[in-house]
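Single-structure report; data block below.
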There are 2 protein chains.
Amino acid sequence: MSRKEQIERTATALFKTKGYSATSMRDLATALGIEAASIYSHIKSKEEILQRVCFRMAQEFFEAIDAAEEAGGSATDRLKRAIAAHVQVLTHNKEASAVFLHEWRHLSEPLLGTYLALRDKYEARFREIIRAGVKNGEFAVPDEKFAALTILSGLNWTHTWYKPEGKMTPAEIAENLSEMLLNGLSTKKQALHDTYSHLNTI
Amino acid sequence: MSRKEQIERTATALFKTKGYSATSMRDLATALGIEAASIYSHIKSKEEILQRVCFRMAQEFFEAIDAAEEAGGSATDRLKRAIAAHVQVLTHNKEASAVFLHEWRHLSEPLLGTYLALRDKYEARFREIIRAGVKNGEFAVPDEKFAALTILSGLNWTHTWYKPEGKMTPAEIAENLSEMLLNGLSTKKQALHDTYSHLNTI
DNA sequence: CCTACCGATCGGTAGG
DNA sequence: CCTACCGATCGGTAGG
């Protein structure tokens, strides 16, 4: 691991626990065992580290969903695979994911705009799968955008409690999330879905 | 509105958009149209503002779930009402909720510990409802703690996109969230729930 | 609520 | 990678 990568990893961990603004270059230097000034031999600025982390993670999420959608299949299949892919990226990059999800607002323009556009593009991928599923009758949702955001927020909380040594593997977490989000908690379909459960009982 | 309340509200909005650490007392003073030193006539420290916001919101959430559970009913009824109560608090206190959810880590001990204990107690209320529903067959979940966290994360994302002038009212948002979380996206029950959908078709 | 100011710390640079 | 240091800004206080 190069010194630059080491700086980035250490900074990512600090950004996650203390937040970007509350992490000083002296904090980072101490964690690395060097002087603050020495960090600047490897990076240009504090924000450069944040930029690298945010855009590397954006790339990881896109590559993961690309792979997940490539195999095609039903909307249900694609959504399950997209969920699994997202959870894989989250759990394999716990610290960087937290920074990506919570510290992006400290990016300055024009990169802040680029980041937000990427995030919207990524959310649109989930919206598209949901739209396809609604169209062919696999899904029933109140609102496609609303559904996509609720799903992603359910996934994104994972990084706050996931522990590699915990009892659930990333694959099991993904499976449980798919189960909860696709089928819900209820043992019986109700309310809006009464139409469908009624058909089922005929 | 007293000056102290005015300071708290203005600070809350700044904490939400810039983050606690990145918001300076000079930023706050400028937003209020006074000098930074003058703020200290009304409050003791920057952290005091954060403390007041976090613990006031904790109280709001507890009062809301207390009222939601008081009416009793099935686990489904109670969960729906708890969801609606949570969303009401979130939407009526958009900025303060964001601070409560994201800036609490800047609290220092011993209040940080108190905060975390309260949050766990609140999550336990949702876990309890879920446990009751699993016990009497209303719900089927992979894991109770996991289910409670997934539900709460789905709810907590609301503050990032909710706009009072938007097309959905808080009550509609709550209804849509209940629908999604209780019944899921799928028009048919699958996987783990096959047991139940099978019984339904007999 | 202001002026005047404090010591501490910030991100970052110069020069080696 | 370090020493030495920069101007700017931080949260907060004294005294009115």
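The values are calculated or read from the model by the stated rules, or taken from the named source; none is laboratory data. All values derive from a computational prediction rather than experimental measurement. Virtual Cβ from ideal backbone geometry, glycine too; neighbours counted across all protein chains shown. Just so you know, the surface numbers come from the protein's heavy atoms only, side chains and all, with ligands and any DNA or RNA stripped out. Shrake-Rupley method; radii C 1.70, N 1.55, O 1.52, S 1.80 Å.
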**Item:** Shielded by partner chains, region A:76-105 residues - at least 30 Å² of accessible area, 1.4 Å probe, vs chain alone
**Value:** A:102, A:105
**Prompt:** In terms of Cα to Cα distance under 16 Å, which lysines are near enough to residue A:188, apart from those fewer than 8 places away along the same chain?
**Reply:** B:80, B:135, B:188, B:189
**Prompt:** Once you average over the residues of B:136-145, how many Cβ atoms of partner chains fall within 10 Å of each Cβ?
**Reply:** 4
**Request:** Report in % the part of the accessible area of the protein assembly as shown that belongs to carbon and sulfur, leaving out ligands and nucleic acids; probe 1.4 Å.
**Result:** 53
**Request:** Would you look at the GNM of chain A, springs on alpha carbons closer than 10 Å, and say which of A:20, A:162, A:40 moves the most?
**Result:** A:40
**Prompt:** So how tilted is helix B:3-18 from the main axis of chain B? Cα-based, degrees 0 to 90, rounded to 10.
**Reply:** 60
**Cα-based helix-to-principal-axis angle, A:170-183 vs chain A, degrees rounded to 10** = 40
**Complete:** From DSSP H assignment alone, runs of 4+ in chain A each adding -39500 (n - 2.57), the sum over residues rounded to the nearest 500 puts [θ] at 222 nm at -22500 deg cm²/dmol
**Message:** So if I place +1 on the C-beta of Lys and Arg and -1 on the C-beta of Asp and Glu, and nothing else carries charge, what would the dipole magnitude of the protein assembly as shown be about its Cα centre? I want it in debye, nearest 20.
**Reply:** 500
**Message:** Under a Cβ-only charge scheme (Lys and Arg +1, Asp and Glu -1), can you give me the dipole magnitude of region A:63-177 about the Cα centre, in debye to the nearest 20?
**Reply:** 180
**Message:** If I fit a long axis through the Cα atoms of helix A:111-135 and take the longest principal axis of the Cα atoms of chain A, what angle between them do I get, 0 to 90°, rounded to 10?
**Reply:** 20
**Asked** Taking Cα pairs under 8 Å and at least six residues apart, what relative contact order does chain B come out at, in percent?
**Response** 21
**Message:** How charged is the neighbourhood of residue B:132? Take every other residue with its Cβ under 14 Å from the Cβ of residue B:132, and add Lys/Arg as +1 and Asp/Glu as -1.
**Reply:** +2
**Item:** Kirkwood Rh and Cα Rg combined as Rg/Rh, region A:107-171
**Value:** 1.10
**Prompt:** Label-to-label distances across copies for residue A:166, with labels 7 Å out along Cα→Cβ, in nm, shortest first?
**Reply:** 2.7
**Message:** Connecting C-alpha atoms closer than 10 Å in a GNM of chain B, tell me which of B:42, B:106, B:159 has the biggest fluctuation.
**Reply:** B:42
**Prompt:** Considering protein heavy atoms only and a 1.4 Å probe radius, which residues within region A:159-185 exhibit an accessible-area decrease of no less than 10 Å² in the full assembly relative to the chain by itself?
**Reply:** A:161, A:167, A:168, A:176, A:177, A:179, A:180, A:181, A:182, A:183, A:184, A:185
**Asked** Roughly how big is region A:26-89's charge dipole about its Cα centre, with Cβ charges of +1 (Lys, Arg) and -1 (Asp, Glu), in debye to the nearest 20?
**Response** 140
**Complete:** Rounded to the nearest 10 Å², the accessible area of residue B:104 using a 1.4 Å probe with every protein chain kept is 50
**Message:** Over chain B, with a Gaussian network built from C-alpha contacts below 10 Å, which listed residue (B:95, B:47, B:60) shows the highest mean-square fluctuation?
**Reply:** B:47
**Prompt:** Where does each of B:108-120, A:168-180 land if you order them by average Cβ count within 10 Å, highest first?
**Reply:** A:168-180, B:108-120
**Fill in**
Rounded to a whole number, the Stokes-Einstein D of the protein assembly as shown in µm²/s (Kirkwood radius over Cα pairs; 10 °C; 1.306 mPa s) is 70
**Request:** Provide Rg and Dmax in Å for chain B, with only Cα atoms included in the calculation.
**Result:** 20.1, 74
**Item:** Whole-number accessible area per residue in Å² for the protein assembly as shown, which is evaluated in the context of all protein chains at 1.4 Å
**Value:** 46
**Message:** If you take each beta carbon of peptide B:16-22 and count the beta carbons of other chains within 10 angstrom, what is the mean?
**Reply:** 4
**Item:** Within-15-Å neighbourhood charge of residue B:72 [Cβ basis; K, R +1; D, E -1]
**Value:** -2
**Message:** Treating region A:1-43 as a set of equal point scatterers at the Cα positions, no solvent, please give the Debye-formula log₁₀ I(q)/I(0) at q = 0.21, 0.29 Å⁻¹.
**Reply:** -0.59, -1.08
